[in-house]
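Colleague: Take this structure first; my questions come after.
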Amino acid sequence: MRLDEITSADVARLRRKPVVLLPVGAIEQHGPHLPLGADILQPMHVLERVAKRTGALLAPPIPYGLVVTSRPFPGSVSVSFDALRAYVRDVLADLVRNGFRRIVVVSGHAEGVHMAALRTAAKEVVDAGGADVTVLSDYDLVYASEFAEPGEGHAGKIETSRVLSARPDLVRGRGARGANRIPRHAVVRDARRYWPGVTGDPRKASRALGERIDRLVERELVAIVRAAARRRV
């Protein structure tokens, strides 16, 4: 089910409220070859299947996130930490108010400060009582798997492969291999001085690889959702 496709009466009739899947993304550059919305396309492609397998309710995605490193590139759109935290907190709190007490937040954007805003929002809702909230990026699962490779990251082989799996029509060739050379621990004003916007080698990407990675993410998320459904709140 999709939350935006059912009625108010449908919600009222649900005796046991299912786990809600809340996708979060970002609008940011992904090299010259991937769409700005890559960070929402990837989790949505998998979460639709997760919802079908688990009976979870798929909520509409939050498309904007906190973008730091990619923000100077054309097309990137960011919100502030406090804006993202407050918005996600309010969405979570109102889902709980409606009786959806188990929520899994899945972000396709994995930048550290963005994830911190999501976790802070979830903590505020959990501390208010009556909620079980899980927060993760699908890339937490990818980079903990056999698919992780040194030097691969943003808009590289893995991400390009996953977009090829989800929306091959939006992939415009392959960007050149790139590396992030921002000095270690440095806070820089414009990352473009040190980084072309691609980390890794998208030329090695394939749709078949993307489908294999998505199957892994789907399997892991199904387990997470089922575990959340079993927990008592």
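Readers should treat all values here as calculations from the given coordinates under stated rules, not as data from a laboratory. Owing to the predicted nature of the structure, the values given are computational and were not obtained by experimental measurement. No Cβ is skipped: glycine too gets one built from the backbone with ideal geometry, and neighbour counts run over all protein chains shown.
Colleague: How big is the C-alpha Rg of region 49-121 next to the rule-of-thumb value 2.2 N^0.38 Å, as a ratio?
Modeller: Numbers: Rg = 13.7 Å, N = 73, 2.2 N^0.38 = 11.2 Å.
Cα-based Rg divided by the globular estimate yields 1.22.
Colleague: Build a GNM of the chain with springs between Cα atoms under 10 Å: which of V106, V11, V88 gets the top mean-square fluctuation?
Modeller: Result: V11 has the largest fluctuation of those listed.
Colleague: Rounded to whole Hz and in sequence order, give me ³J(HN,Hα) for region 122-129 from the Karplus expression 6.51 cos²θ - 1.76 cosθ + 1.60, θ = phi - 60°, writing x for Gly and Pro.
Modeller: Calculated HN-Hα couplings, in order: 5, 4, 4, 6, 4, 5, 6, x Hz.
Colleague: Any chance you could give the angle, 0 to 90 degrees and rounded to 10, that helix 207-230 forms with the longest Cα principal axis of the chain?
Modeller: Between helix and principal axis, roughly 30 degrees.
Colleague: Using only alpha carbon positions, build the gyration tensor of region 1-116, then give the equivalent ellipsoid semi-axes as the square roots of 5 times its eigenvalues, largest first, whole angstrom.
Modeller: Numbers: eigenvalues 161, 50, 21 Å².
Whole-Å semi-axes of the equivalent ellipsoid: 28, 16, 10.
Colleague: Separate question: To one decimal place, what orientation-averaged projected area in nm² is obtained for the convex hull of the Cα set of region 104-233? Each step should come with its number before you reach the end.
Modeller: Details: hull surface 38.9 nm².
Hull-based average projected area comes out at 9.7 nm².
Colleague: Kindly express, to the nearest 10 degrees and within the range 0 to 90, the angle between helix 38-54's C-alpha long axis and the longest C-alpha principal axis of the chain.
Modeller: Helix 38-54 sits at roughly 40 degrees to that axis.
Colleague: Still on this structure, please answer the following. Which angle from 0 to 90°, rounded to the nearest 10, does the C-alpha axis of helix 157-166 make with the longest principal axis of the chain?
Modeller: That works out to roughly 50 degrees.
Colleague: Quick one: what do you get for region 77-177 if you divide its Cα Rg by 2.2 N^0.38 Å?
Modeller: Compactness ratio reported: 1.29.
Colleague: Further, regarding this structure: Amide H neighbours of D132 under 5 Å, counting only residues 5+ apart in sequence or on other chains, H built in-plane at 1.01 Å?
Modeller: R102, I103
Colleague: Kindly rank 156-164, 12-20, 60-68, 25-33 from highest to lowest mean number of other beta carbons found within 10 Å of each residue.
Modeller: Working: 156-164: 26.0, 12-20: 13.8, 60-68: 20.0, 25-33: 23.2.
Packing proxy ranking, top to bottom: 156-164, 25-33, 60-68, 12-20.
Colleague: Classify region 178-233 from the C-alpha gyration tensor, please: rounded if a/c falls under 1.5, else prolate or oblate depending on whether a/b exceeds b/c. Let's see the in-between values first.
Modeller: On the way: a/c = 5.39, a/b = 1.69, b/c = 3.18.
It is oblate, given that a/c is not under 1.5 and a/b is not larger than b/c.
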